There are 2 protein chains.
Amino acid sequence: MYPSLQASIRRFVSLEEAEWALIAAAFHPKEVSAKEFLLRKGQVCRHIAFVESGLLRYYYLVGGKEMVGNFFFENSFVGDFGSFITGQPAVQFIDTLEDCRLLLASHSDWQQLYGRIPALERFGRLLAEGLFVHAQQRTASFLLDSPQQRYLNLLKNRPKVLQRVPQYMIASYLGITPEALSRIRRRLALEK
Amino acid sequence: MYPSLQASIRRFVSLEEAEWALIAAAFHPKEVSAKEFLLRKGQVCRHIAFVESGLLRYYYLVGGKEMVGNFFFENSFVGDFGSFITGQPAVQFIDTLEDCRLLLASHSDWQQLYGRIPALERFGRLLAEGLFVHAQQRTASFLLDSPQQRYLNLLKNRPKVLQRVPQYMIASYLGITPEALSRIRRRLALEK
């Protein structure tokens, strides 16, 4: 069994040895260099991937401009989960920002795991709940928070983004221009 | 057991008689008149509710203006699921648009059901996946679709909204003014 994948699942559910073996058999490793696409708009997301190491993002292309929706670090799952769940074509792109070591499971293998390992349903529920909570909080933050507040939330909750992601992508994730992000950072530095 | 709640769960999972009895015991009925609050911003959502009949919505208050996030019809679950899952205060309001017959389960009773009825985890996973897919599609539609396309999507996928919700709330849900909604409807009527 892949240790980091096992640790991530074990945080939520305890499984038997034979069940871990089933999970290990469903995943296969894949190395992807930085700046490669994992998924393009219009493709159906047929795999769920676990990030052993590296960093990815998804983004929308809006009038030729990239709008970053999320970042995916090591020890998390990555994919267009909407497309993966519904089988509809993705409306977003997913690419690697760093060299990545991924573990991929196909949609059918993943669904079979649910059938064979009932306890995995809890993990799937908590994963989906986490995705929903993130999506809802992001929408609410865009409606209710100032850009500076969104930046402070990011600093507090996801400092890794600020350490490993280029400024212009952070700005895009916050829904502001790189210049506006610079102004916010200068203002906060002065306030210290 | 409440028939419509049972039918809604049975669409996804089969349960034993004793398990249905546990679910029935976790819920209690509540009647709420139209134009009442189920939840206000700042409160923690401590119940999940199933809508036996009626119609509700959630909305954000942005600079004094209501921004409608979703509508909840009969045979669906309603709540601030983000607040329900995380225990954080809600950032939105939920109110009734029609007289409602609801079935309420407390957070702790609902969590106990997961412990006692493992098969319910699948239902919870599919519920959370559905919530996530809706949230993601809504975000993508705001970024990528024109207001007219968003209106046409609503017409196709959720005609009940157009039949039972006042125009100004539909406009708010689509992120446009009531006047812009009227223009879209006139334009589409002329194209027929």
(message) Just to be sure I understand the model, the point goes 7 Å from the Cα along the line to the Cβ. What's the resulting A:Lys65 to A:Arg186 distance in nm?
(response) 2.0 nm
(request) Any of B:Lys30/B:Lys160; B:Lys35/B:Lys192; A:Lys156/B:Lys41; A:Lys30/A:Lys156; A:Lys35/A:Lys160; A:Lys35/A:Lys192 with alpha carbons more than 27 Å apart? Name them for me. (result) B:Lys35/B:Lys192; A:Lys30/A:Lys156; A:Lys35/A:Lys192
(message) List, shortest first and in nm to one decimal, how far the label point of A:Glu36 (7 Å from Cα along Cα→Cβ) is from its counterparts in the other copies.
(response) 5.9
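Whats the longest run of chain B with zero GluC sites (Glu not before Pro) that are DSSP loop and have at most 15 other Cβ atoms within 10 Å?
On the way: sites that count: B:Glu16, B:Glu36.
Result, exposed sites excluded: B:37-192.
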(request) Take A:Lys156, project a point 7 Å from its Cα along the Cβ direction, then tell me which residues of the stretch B:25-41 have their backbone nitrogen under 19 Å from it. (result) B:41
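Semi-axes of the equivalent ellipsoid of the stretch A:1-159: what are they in whole Å, largest first, if each equals the square root of 5 times a C-alpha gyration tensor eigenvalue? Show your work: numbers first, answer last.
Numbers: eigenvalues 150, 68, 49 Å².
Over the Cα atoms of the stretch A:1-159, the semi-axes work out to 27, 18, 16 Å.
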(request) Show the residues, 5+ positions off or on another chain, whose built amide H is closer than 5 Å to the amide H of B:Glu98. (result) B:Lys35, B:Leu55
(message) If you fit an axis through the alpha-carbon atoms of helix B:178-191 and take the longest principal axis of the Cα set of chain B, what angle between them do you get, 0 to 90°, nearest 10?
(response) 70 degrees
(request) For B:Ala90, list long-range residues whose amide hydrogen, built 1.01 Å from N in the peptide plane, is under 5 Å from its own amide hydrogen. (result) B:Gly42, B:Gln43, B:Val44, B:Cys45
(request) Amide H neighbours of A:Glu52 under 5 Å, at least 5 residues apart or on other chains, H built in the peptide plane: list them. (result) A:Asn75, A:Arg101, A:Leu102, A:Leu103
(message) Distance between the C-alpha centers of the stretch B:150-192 and the stretch A:30-89? Whole Å please.
(response) 32 Å
(message) With θ taken as phi - 60° and the coefficients 6.51, -1.76 and 1.60, list the Karplus ³J(HN,Hα) couplings across the stretch B:19-28 in order, rounded to whole Hz; mark glycine and proline as x.
(response) 6, 4, 5, 4, 5, 4, 5, 7, 9, 9
(message) Helix-only mean residue ellipticity at 222 nm, chain A, DSSP H runs n ≥ 4 weighted -39,500 (n - 2.57), per residue, nearest 500. What is it?
(response) -15500 deg cm²/dmol
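Each reported figure results from applying straightforward, stated rules to the coordinates on display, with no laboratory input. Only a predicted model underlies this, so the values are computations on that prediction, with no experimental measurement involved. A quick note on method: Cβ atoms are made from the backbone with ideal geometry, for glycine too, and the neighbour counts reach across all protein chains shown.
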